[in-house]
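None of the figures in this text is laboratory data; all of them are computed from the coordinates on show. Given the structure is predicted, the values throughout are model-derived calculations rather than measurements. Cβ sites come from the backbone with ideal geometry, for glycine too, and all protein chains shown count toward neighbours.
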Amino acid sequence: MYDQNNVPVFETDDIQKNKNMAAIAYLIFFIPLIACPNSAYGRFHANQGLLLFITGVVGNAILRMIPIVKWFMPTLFSLCIIALGLYGLINTINGKAFRLPVIGGFTILN
């Protein structure tokens, strides 16, 4: 379920019970899928963590192949990925479910 701003709405009990596991998704995305498989809140953040992981790996691989920028762009890109991860982590701990900027609109895990 989504509100008028296209932000997912979760049950309060689900958020309170699973927010610590959901926060771990930004470090290791599959942990909430194992620890709380029936939690919509955990699954949402596992999806965001997976998107972050894929973006980080693919983005760094592509940037390292470009000769002119391979010495500074991967570092800058990695800092942006870390900032997005911290943004997701802080929101999760505070019980919020905002999509990550730029990459958060995609859904891989239902």
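Each of the peptides 58-69, 16-27, 33-44 was scored by the mean count of other Cβ atoms within 10 Å over its residues; in descending order, highest first, they stand as 16-27, 33-44, 58-69.
Judged by the mean number of other Cβ atoms found within 10 Å, the most tightly packed of the peptides 45-53, 74-82 leads the ranking 45-53, 74-82.
Can you give the angle from 0 to 90° between the axis of helix 40-65 and the longest principal axis of the chain, with both taken from C-alpha atoms, to the nearest 10? Taking Cα atoms only, the helix is inclined about 0 degrees. If you line up the long axis of helix 12-24 against the longest principal axis of the chain, both from Cα atoms, how many degrees apart are they, to the nearest 10? Value to nearest ten degrees: 30.
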